[in-house]
1. Only one of Asp19, Asp33 is modelled with pLDDT under 95 and touching a Leu at 6+ places or on another chain (Cβ under 6 Å); which?
2. How many residues does region 232-241 contain that are assigned to a loop (DSSP other than H, G, I, E, B), loosely packed, with under 15 Cβ neighbours inside 10 Å and at pLDDT 80 or above?
3. Being modelled with pLDDT of 90 or more and more than 19 Å from Ala36 (Cβ to Cβ) is the requirement here; does Asp170 meet it?
4. I want to confirm something. Restricting to region 210-226 and keeping residues that are farther than 16 Å from Ala260 by Cβ and part of a loop (DSSP other than H, G, I, E, B), which single residue is modelled with the lowest pLDDT?
5. Does region 202-209 contain any residue that is assigned by TED's automatic domain parsing to the domain that holds Gly156, free of Cβ contacts under 8 Å to residues at least 40 places away in the same chain and farther than 20 Å from Leu160 by Cα?
6. For region 177-205, give me each residue that is of a type in the set (Val, Ile, Thr), assigned to a strand (DSSP E or B) and closer than 13 Å to Ser234 by Cβ.
7. If we scan region 83-93, do we find a residue that is in the same structural domain as Val143 (by TED's automatic domain parsing) and at pLDDT 65 or above?
Amino acid sequence: MMLGHTDEDVPGTPDTEYDPYLYSGQQVRHNEDDFAGLFPDNNLARQAFSDVVEKVRSDRSSYEHVEQFLVVNDFKEPLKSWSGTDTEASPTEESDSIWTGYFRFSFLCLPRDPRRGWILGGGDHEFGAVDHLLTLKKQQHQVHSRHARLLHNENGVWMLHNDKRKVIVDGKEKVSGMRQMGEQITSLTFGDLTYHLKWFTSSESWYRDQLQNFRTRFGMGHVAHPRSLSLTPSDAFVEHKDYYFHRPFAAGGFGTIISATEKSTGKIVGVKRFKKTRQNKHSIDLEIQLYNRIGLSHVSVLLS
């Protein structure tokens, strides 16, 4: 849940907001039913997005499924108004312009296979295989037909699954397998195309209800995520090693108990945090042995 907001806030309000990551003065509109959006960041990704929009609008019958995930601004924007640190050549013609917008994530716009999540990929003839068509030039941009997926795991945690393709998170972390999307804004690079995944929803209760309805509709069961833990990505989470730490919920003379999620799996764990000294070393080692012996796999012990 976002700080400074309550569960009673209307999700996605207002439905028009300025996004500083788009490096332009244009207002970026997002639908109030979208819980997240994937925004092109570098020039290659922006041009690829515009090319997809042009292709979809020229053949709507073939790209009907893909089109529902595109949110496109009303007017084209000059390419030379973009700025950034891209290595590709800057445009020279002032008349060059592109369509801007983002790829939407919404429980009202269903992926082809809801159990597998939203599939991201590229290719001129891949409109039957993906939900978010990132580029028509998959070989040129080094994007695979089914490059990655974004989905909710059994705990309802928002996860990236890269399907054994290279994905770079926040410009440095190469993801192999799965990775929780725990921040409100996360940079993602697929091949040569860079985006930022932005979380819109500020209402924890609205999001939980929508997710549960989604899971019930497709027979995926109840969201196994305690209501005491925030289900929505938050800048309030503290990232440490392979965990996102939530707020502490208990404390005593022997340490502080913190709820957390494991980034690589989305699994919910309990973390007992305490300072290790010569005086308590034996007690700590004994406690760890006890946890291992009784098989408390949902408890993680981190020493600090």
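The values are calculated or read from the model by the stated rules, or taken from the named source; none is laboratory data. None of these values were measured; they are calculated from a predicted model. Cβ coordinates were reconstructed from backbone atoms using ideal geometry, including for glycine residues, and neighbour counts include every protein chain displayed.
1. On inspection, the qualifying residue turns out to be Asp33.
2. Summing the residues that are assigned to a loop (DSSP other than H, G, I, E, B), loosely packed, with under 15 Cβ neighbours inside 10 Å and at pLDDT 80 or above in region 232-241 gives 1.
3. No, not satisfied.
4. Going through the qualifying residues, I end up with Val223.
5. Yes, region 202-209 contains a residue that is assigned by TED's automatic domain parsing to the domain that holds Gly156, free of Cβ contacts under 8 Å to residues at least 40 places away in the same chain and farther than 20 Å from Leu160 by Cα.
6. Ile185, Thr186
7. Looking through region 83-93, none of the residues is in the same structural domain as Val143 (by TED's automatic domain parsing) and at pLDDT 65 or above.
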